[in-house]
Amino acid sequence: MADVSIYWFRDDLRLSDLPGLQAAADRGTVIPVYILDEKLGEQWRLGSASRWWLHNSLTALRHELSAQGSELILRSGDAASTLAAIAEETGATAVYCSRHYQPWSETLERSVKAAVSGVGADLKRYPGTLLHEPEDVATGGGKPFKVFTPFWRACNRRPNPSAPCPPPGLAALEKSVASEELDDWCLTPTAPNWAFGWNDLWSPGETGAHQALTRFLRDHVQDYGGGRDIPSEPNTSKLSPYLRFGNISPRQVWHAAQHAKAEHPETADSIDKFLSELGWREFCYHLLFHFPHMPDEAFNPKFSFFPWGKDEERLRAWQTGKTGYPIVDAGMRELWQTGFMHNRVRMVVASFLTKHCLLNWREGEAWFWDCLVDADLASNACSWQWVGGSGADASPYFRIFNPIAQGEKFDKSGGYTRRWVPELAGLPDKYLHKPWEAPEDILAEAGVSLGDSYPRPIVDHKTAREEALSAYATLKDIA
């Protein structure tokens, strides 16, 4: 009789290139399980947009398993006791999973190991969510890297990631196992359905992930190097939510990109730049693993003393895209309406919150966590601290993005801003990113009434910049 194993799906919602699933399949019968633990991670439980993606990814995974004659078992509650109960019920002798790196993961996996061993099963953990394990990339002195460029160089000196493995054939358990209904988890919004139309924008799941990668490498990667900062153009991959939920593995992305580079050598520079963004994801996980307090505490301890302000009115204006700075408002509205924001604009809106409004980077981190379909604990924390100046390899404190200049440089034609801030669509390019400078007759002709149809700036750029520099200067003398 073949051994029975459980495969515990988490942030690896796919069937291909999943070493733990392959190992479970090689052993014998596999029971695929996903557990929704609403207590796990405390304040870092899944945000609203992520829950939408999870629902649709689980739906896709169930279809893929069904095509193999297998069933995804859904349970909610404590992962350790739930896995132990399923193992005891089915006679499973092992639980397989992919390794996680969140601050609570080690404790969770220890508790799972103890619980399942109590019913005669082993926990077997495999890599599957990174190109390189965090322990395998270190400085010459054996310390964690804190600067991205040498980190990525060290990664590229290592042996290439091994080739992805195909989806295994799965032998299903003959007896039925009780499963909860996905719709009963209420992961998607209903009243109101703020995700209306998202199914036209995204295709969560393994098939959608590979379609997005193929489309990017075929149609857009050649423009990535020079065009990735232009938010009105489709030059970025939008793979981040697929990677976040493991609909595709970084190893699959890396090998597909290398294959494209070999077939089209003229795209080499753009592909290398694209792969360095995959490297930034690796770097963020490297930091999260070695510095687990990064989502909650300033990486640079000096910033524990930074005089962050409190201003609910400014925060709400930022969240709702009503700051009076068009490129900022465009980004925040794109986020709310699509669950996504172009990366260049993410930097602009983050700089605006932390340096123009002097509001704590944690406020932005929390809002992004709830609103982004690609809300990833490592990347979210690392990137917010980078912009705020408190993180590893951080943007210099005196680098304060000018939202007017950023709009004029990266949305010169205004296509992005006019799409998301349609009340300004009639303004000529000259005034689009600074409508307060437009003469009254120009505003009237465009149908713009400042303070009415579109807000006046909530802060003055020059004054805000001087106040930010003064605030950051208070940290200079702290040891």
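Okay, here's what the table says:
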{"item": "Boolean, His259 is free of Cβ contacts under 8 Å to residues at least 24 places away in the same chain and under 22 Å from His132 (Cα atoms)", "result": "yes"}
{"item": "Residue count, the range 47-77 (criterion: assigned to a loop (DSSP other than H, G, I, E, B) and crowded, with 19+ Cβ neighbours inside 10 Å)", "result": "3"}
{"item": "Breaking point among (1) out of contact with any Ser or Thr (no Cβ under 6 Å at 6 or more places or on another chain); (2) at pLDDT 95 or above, for Leu13", "result": "(1)"}
{"item": "Search result, residues across the range 240-256 that are within 22 Å of Trp152 (Cβ to Cβ), of a type in the set (A, V, I, L, M, F, W, C) and surrounded by 21 or more Cβ atoms within 10 Å (Cβ to Cβ)", "result": "Leu243, Ile248, Val253"}
{"item": "Residues of the range 48-75 satisfying the condition of being among the polar types (S, T, N, Q) and at pLDDT below 95", "result": "Gln68"}
{"item": "Residue check, Arg362 within 23 Å of Tyr224 (Cα to Cα), in the same structural domain as Lys310 (by TED's automatic domain parsing) and surrounded by fewer than 24 Cβ atoms within 10 Å (Cβ to Cβ)", "result": "no"}
{"item": "Only listed residue being touching a residue at least 12 places away in the same chain (Cβ under 8 Å) and not in a helix (DSSP H, G or I), chosen from Pro241, Pro189", "result": "Pro189"}
{"item": "Only listed residue being touching a strand residue (DSSP E or B) at 6+ places or on another chain (Cβ under 7 Å) and polar (S, T, N, Q), chosen from Ser240, Ser249, Ser203, Ser179", "result": "Ser179"}
{"item": "Within the range 1-46, tally of residues that are in a loop (DSSP other than H, G, I, E, B) and under 19 Å from Asp376 (Cα atoms)", "result": "12"}
{"item": "Candidate set: the range 116-130, residues that are under 27 Å from the mean Cα position of the chain (by Cα) and buried (at least 19 other Cβ atoms within 10 Å of the Cβ); chosen: the one modelled with the highest pLDDT", "result": "Leu130"}
{"item": "Qualifying helices (runs of 4 or more DSSP H) (wholly inside the range 309-374; at least 1 residues being under 28 Å from Asn199 (Cα atoms) and polar (S, T, N, Q))", "result": "312-319, 326-338, 343-351"}
{"item": "Boolean, Lys113 is surrounded by fewer than 19 Cβ atoms within 10 Å (Cβ to Cβ) and within 30 Å of His210 (Cβ to Cβ)", "result": "no"}
{"item": "In the range 195-217, the residues that are over 19 Å from the mean Cα position of the chain (by Cα) and buried (at least 16 other Cβ atoms within 10 Å of the Cβ)", "result": "Leu217"}
{"item": "Hits in the range 285-310 (condition: acidic (Asp, Glu) and surrounded by 14 or more Cβ atoms within 10 Å (Cβ to Cβ))", "result": "Glu297"}
{"item": "Criterion (without any contact (Cβ under 8 Å) to a residue 24 or more places away in the chain and crowded, with 20+ Cβ neighbours inside 10 Å) met by exactly one of Leu424, Leu372, Leu443", "result": "Leu443"}
{"item": "Glu282 vs. criteria among the acidic types (Asp, Glu) and surrounded by fewer than 17 Cβ atoms within 10 Å (Cβ to Cβ)", "result": "no"}
{"item": "Leu287 touching a residue at least 60 places away in the same chain (Cβ under 8 Å), in a helix (DSSP H, G or I) and within 18 Å of the chain's Cα centre (by Cα)", "result": "yes"}
{"item": "Test: residue in the range 220-227 that is within 22 Å of Pro166 (Cβ to Cβ) and without any contact (Cβ under 8 Å) to a residue 60 or more places away in the chain", "result": "no"}
{"item": "Subset of the range 246-300 (residues that are among the hydrophobic types (A, V, I, L, M, F, W, C) and in contact with a Pro (Cβ under 7 Å, 6 or more places away or on another chain))", "result": "Trp254, Leu278, Phe289"}
{"item": "The range 9-32 residues that are hydroxyl-bearing (Ser, Thr, Tyr), paired with ones that are assigned to a strand (DSSP E or B) and at pLDDT below 95 (beta carbon under 6 Å, 6 or more apart)", "result": "Thr29/Ala171"}
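Residues are listed down the side, and each one gets a yes or a no for (1) in a helix (DSSP H, G or I); (2) in contact with a strand residue (DSSP E or B) (Cβ under 6 Å, 6 or more places away or on another chain); (3) of a type outside the set (A, V, I, L, M):
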| position | (1), (2), (3) |
| --- | --- |
| Thr107 | yes, no, yes |
| Arg110 | yes, no, yes |
| Ala115 | yes, no, no |
| Gly120 | no, no, yes |
| Gly128 | no, yes, yes |
| Glu135 | yes, no, yes |
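Residue-wise test of (1) over 23 Å from the mean Cα position of the chain (by Cα); (2) farther than 23 Å from Asp11 by Cβ; (3) of a type in the set (D, E, K, R).
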| residue | (1), (2), (3) |
| --- | --- |
| Cys371 | no, no, no |
| Asn380 | no, no, no |
| Gly388 | no, yes, no |
| Ser395 | no, yes, no |
| Ile404 | yes, yes, no |
| Glu408 | yes, yes, yes |
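The values are calculated or read from the model by the stated rules, or taken from the named source; none is laboratory data. Keep in mind it's a predicted model, so treat the numbers as computed, not measured. Positions of Cβ are backbone-derived with ideal geometry, glycine not excepted, and every protein chain shown enters the neighbour counts.
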